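Novice: First the structure, then my questions, so here it is.
Every number in this text was worked out from the coordinates using simple rules, so none of it is lab data. Small disclaimer: the values here were computed from a predicted structure and weren't measured. Please note: Cβ atoms are built from the backbone with ideal geometry, for glycine as well, and neighbour counts cover all protein chains shown.
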Amino acid sequence: MAQVAVEKKQMRTPIESGCPDGVQYMHPLMIKNFGNWKYHDRPRPGVLHHVAYSGDEIWTVRVGTQRQLGPYEINLLCDIVDKYGEGHVRFTIRSNLEVMVSKWEKVGPLIQAFNDAGYPVGGTGNSVTMISHTQGWLHCDIPGTDASGVVKSLMDELYGEFIKEEMPNRVHITTSCCQINCGGQGDIAINVQHTKPPKINHDLVANVCERPSVVARCPVAAIRPAIVNGKPSLEVDEKKCICCGACYPPCPPMQINDPEHSKLAIWVGGKNSNARSKPMFQKLVAAGLPNNPPRWPEVATVVKKILYTYKKDARDWERVGDWVERIGWPRFFELTGLPFTKFHIDNWRGARNSLNASAHIRF
Ligand code: SF4
Ligand code: SF4
């Protein structure tokens, strides 16, 4: 039955975009036992062990990477997989590498080879797994910071929590290099925060931008068409503007990135829904942190303060958001020592009280 399901999946019609069908790259034991797993456990941090009804067993070693990999790193990692693994590898959505082997005896040498090459093994269970981040400079035209850089410098500091499973529950940290698009939603999220309205280069607007599209983009109707120096351009009602940055992608002359005014903000308590609970939306806890490459020390200090307060104070199995819900936000600010400022008050009129964002049945 399971074999039939896999064969059907392999016949998926090719599409011109998106990633290829992953089934063709799976370890043969995973194809053979597709949908027929009896149980799984974790013999040590960074290693998953799955046992099938057929009696087959498979071990998966999870490795942290720097995400943006060049040919040197890819060749190095693939050589290790070929020599110590069984030639099958996949990436998780958090840019961890997973290598599958069919024998427990292969796990130790594989981990040793990754560690010797400088790659940590971990990110499973109650660890701080790899920080997920948005595409950034490599693929996108609107980043206000280097999301990969923030991740690399933070994971260098949180390395010890990646290779152990000593948090109250799993911790997902995310980063986002703009405020509006593929932005982070996590237990702790580091997101760009623009703090001033866009500055318009009027000479370029007429050549580059479709003015109606830009006007339509603004969520608070702050943009109007205007004639400036005899040329068609735009103007922004700065009292209305919420500095979201939505006008910059369709119209780059609406420059909003700025080394001084583009900051980083930290949000806490987001998580996806699951079979038992609704999603939780993260809330702003620190605003206006300097966007300070190459190591972002101010951001690292705040993230570590939140993380280690959570580690010390939360009960077993509480996610960061559950912990804050239990102790209350005033106590969160007391315990972490973060200042509560006017920037934490959500006074935007467009905010909705309850977003219908889960599939749970309501009556
Ligand atoms: S978060 Fe924004 S800037 Fe970063 S990759 Fe996504 S869309 Fe681009
Ligand atoms: S930054 Fe956002 S709110 Fe301000 S003008 Fe542009 S789209 Fe409108």
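Novice: Report yes if some residue within region 66-89 is under 25 Å from GLU166 (Cβ atoms) and not hydrophobic (A, V, I, L, M, F, W, C); otherwise report no.
Specialist: Yes: region 66-89 contains one or more residues that are under 25 Å from GLU166 (Cβ atoms) and not hydrophobic (A, V, I, L, M, F, W, C).
Novice: In region 134-161, which residue that is among the β-branched types (Val, Ile, Thr) and closer than 12 Å to ILE190 by Cβ is surrounded by the fewest Cβ atoms within 10 Å (Cβ to Cβ)?
Specialist: Among residues in region 134-161 that are among the β-branched types (Val, Ile, Thr) and closer than 12 Å to ILE190 by Cβ, the one surrounded by the fewest Cβ atoms within 10 Å (Cβ to Cβ) is THR134.
Novice: Could you tell me whether any residue of region 265-276 is polar (S, T, N, Q) and surrounded by 14 or more Cβ atoms within 10 Å (Cβ to Cβ)? So that I can check it myself, show each step before the final result.
Specialist: Going through region 265-276, the residues polar (S, T, N, Q) turn out to be 272-274.
Checking which are surrounded by 14 or more Cβ atoms within 10 Å (Cβ to Cβ) leaves us with none.
Checking region 265-276: not a single residue is polar (S, T, N, Q) and surrounded by 14 or more Cβ atoms within 10 Å (Cβ to Cβ).
Novice: Follow-up question, since we're still on this one. From the list GLY118, GLY125, GLY87, pick out the single residue that is loosely packed, with under 15 Cβ neighbours inside 10 Å, away from ligand 1 (no atom under 14 Å from the Cβ), within 18 Å of GLY46 (Cβ to Cβ) and not β-branched (Val, Ile, Thr).
Specialist: Values: GLY125 fails: loosely packed, with under 15 Cβ neighbours inside 10 Å; GLY87 fails: within 18 Å of GLY46 (Cβ to Cβ).
Among GLY118, GLY125, GLY87, only GLY118 is loosely packed, with under 15 Cβ neighbours inside 10 Å, away from ligand 1 (no atom under 14 Å from the Cβ), within 18 Å of GLY46 (Cβ to Cβ) and not β-branched (Val, Ile, Thr).
Novice: Find the residue count for region 163-189, including only residues that are of a type in the set (D, E, K, R) and either under 10 Å from the mean Cα position of the chain (by Cα) or under 17 Å from PRO279 (Cβ atoms) (or both).
Specialist: Step one: list which residues in region 163-189 are of a type in the set (D, E, K, R), which gives 164-166, 170, 187.
Adding the requirement that they be either under 10 Å from the mean Cα position of the chain (by Cα) or under 17 Å from PRO279 (Cβ atoms) (or both) leaves 170, 187.
Looking only at that region, the number is 2.
Novice: In region 244-296, how many are hydroxyl-bearing (Ser, Thr, Tyr), in a loop (DSSP other than H, G, I, E, B) and within 16 Å of ligand 1 (Cβ to nearest atom)?
Specialist: So the count comes out to 1.
Novice: Same structure again: From LEU289, LEU338, which residue is more than 18 Å from ALA147 (Cα to Cα) and either surrounded by 15 or more Cβ atoms within 10 Å (Cβ to Cβ) or in contact (Cβ under 8 Å) with a residue 40 or more places away in the chain (or both)?
Specialist: Step by step, each of LEU289, LEU338 is checked, and only LEU338 is more than 18 Å from ALA147 (Cα to Cα) and either surrounded by 15 or more Cβ atoms within 10 Å (Cβ to Cβ) or in contact (Cβ under 8 Å) with a residue 40 or more places away in the chain (or both).
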